[in-house]
1. Which angle from 0 to 90°, rounded to the nearest 10, does the C-alpha axis of helix 41-62 make with the longest principal axis of the chain?
2. If I ignore ligands, DNA and RNA and count only protein heavy atoms, how much of LYS173 is accessible to a 1.4 Å probe, in Å² to the nearest 10?
3. When only Cα pairs under 8 Å and 6 or more residues apart are kept, what is the percent relative contact order across the chain?
4. Given labels modelled 7 Å from the Cα in the Cβ direction, how far is it in nm from ARG132 to ASP267?
5. Give, in nm to one decimal, the length gained when the segment between THR376 and LEU217 is fully stretched (0.36 nm per residue of separation minus the Cα-Cα distance).
6. Give me the net charge for the shell around ALA415: Cβ to Cβ below 13 angstrom, other residues only, Lys and Arg +1, Asp and Glu -1.
7. Working with all protein chains in place, sort LYS137, LYS385 by solvent-accessible area computed with a 1.4 Å probe, largest first.
8. So how do ARG177, ARG110, ARG323 rank on accessible area, 1.4 Å probe, biggest first, that is with the largest at the start?
Amino acid sequence: MEYTRRKLIPSVQSIQTGSLVELYPCDLQLYKVPPTSSISLADFEDLALERLKVLRAIDMVNLRGINKRQNIEEWRSALITELKKMELKAFAKLINGSGCGRSEAELQARKRDHISHFILRLAYCRSEDLRRWFISKELDLFKVRFTSLSTEGVQCFMRTNNLKYEPISEKEKSQLRECLYESTSSMTSMASVDTHDFYRVSFTDVQDLVRSRKVYLSRGYAYVPSTDLVSILSSVFRTNLAHSLAVTARMLPSIEGDERVVRILKDLHQSYTGEEYSAKKNMTTGTVQLDQIDMLSRHSFPPCMRKLHEHFRANHHMRHGGRMQFGLFLKGIGLSLEDSLRYWREEFTKLIDVDQFEKRYSYNVRHNYGKEGKRTDYTPYSCMKIIMSPVGPDDTHGCLFRHSDLPHLKQQLLAWNIPVAGINEIAEYVAQGHYQLACGRYFQVSHGVQVDVAINHPNQYFLESQDVLAGNHDIKTERTAPAKKPTVSTSKTDDVWGEDMDIDLEQIAGM
């Protein structure tokens, strides 16, 4: 891989439309040819996170329980809505487009799609688990995009990728007419057999259709109607991607000499892709006062932060991991530096004197607020960072759902007056490893409402809670809804990208 300090040559934005028309004639592709342009390191990271957001949006929609096979339109609509929430409108258009437009915006979107896919190959080829997750999400993305293509778009895709699937002859279809009708689930009548083309492919290429008994099988071949052509192409896509990831994994040592790229790729799967939460805007719209903390902890703190607060009040001590996690959360909801120092001092000095507190702990508080050391404005931890953080046997930080055994978790939830039915639902999510969904269900039960909210950050939880208690959510109230509590005005801000360097994509992705 080569880097230069020149400006983007050419960047994602600077290639002329004519060349993009030749490179990207269709919205959908099999990603057989790697990109050959150069982009900056900042754009490299930007595109990686953009693609990761798309795949996580797919994951989020899947967890809602919508059946893709039976309700593809509902699933597509939910995904498009999620992408628009994330301000990924270009990807939303790729999913819902005809497939063969030639506007500048469409061509640029296709280029970003192409480059970002190959960047994520570098990040997700590193282990079997990562490869499995990546293939699954990319396959879902491929399927929903293919099913939205117009007839012209399908023809363009087949032609561009040199796919020469030919339907069986009318004579053969006539001979198999009755078998095709009885064995193909999508054929509602004999007449529907006559109006659809059928493709004869190896049954191993459409195992999903065979498994669900949706196609006619004969002598090792499956007869697939044109309406299920996506299953054939999905098999091709999956095979190509799995092979490409294996090849990319063998080539990784050639790029791992540059720690800047490794830093982006190595921990990408654990990266937080939502909004950063800082106290800067909160300080202009209103602050959380120290005397409000106890009340807010009961009504608006997420479980991980409520547990830390209660532990600190009870034990007057907190280890470093807990102080970092909880201190930055308090900063993010708008607690001032002065009040934060008072909060920590008042509890610690129940066991130690003030001089010991100043020597051992006050520096850390000021450091989190950017008043010591490098004077960095640190942002609160995301759910992903908390879930993935190492937690020792005597630590109190971490995620309550991830780092507690089920008996202890149930005991804690009972102490917080969560009804048994709600505890069982939460425990089921935890048992399946869906810790953020468990937190979302806790939010619903503890607030007595049905709010469709995906919890990705403790400070997001706090803001959502304040909105519910203030009556700002369009919600359905459950029978056990608690009375509204006083709210505190808060808001949030974003972070920035770092150093700008150029990357030769041809050398990175041409593996």
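The values are calculated or read from the model by the stated rules, or taken from the named source; none is laboratory data. Just so you know, these numbers come straight off a predicted model, no measurement behind them. Cβ placement follows ideal geometry from the backbone for every residue including glycine, while neighbour counts extend to all protein chains displayed. Note: areas computed on protein heavy atoms with side chains; ligands, DNA, RNA excluded. Shrake-Rupley method; radii C 1.70, N 1.55, O 1.52, S 1.80 Å.
1. Roughly 80 degrees between the two axes.
2. 10 Å²
3. Values: 661 pairs, mean separation 106.6, N = 511.
Relative contact order of the chain: 21 percent.
4. With each label point 7 Å from Cα toward Cβ, the separation is 2.5 nm.
5. Numbers: separation 159, 0.36 × 159 = 57.24 nm, distance 6.43 nm.
That pair, THR376 and LEU217, stretches by 50.8 nm at full extension.
6. Details: positive: ARG298, ARG306, LYS307, LYS410; negative: GLU310.
Net charge around ALA415: +3.
7. Details: LYS137 20, LYS385 105 Å².
The most accessible residue leads, giving LYS385, LYS137.
8. On the way: ARG177 80, ARG110 0, ARG323 30 Å².
If we order ARG177, ARG110, ARG323 from most to least accessible, we get ARG177, ARG323, ARG110.
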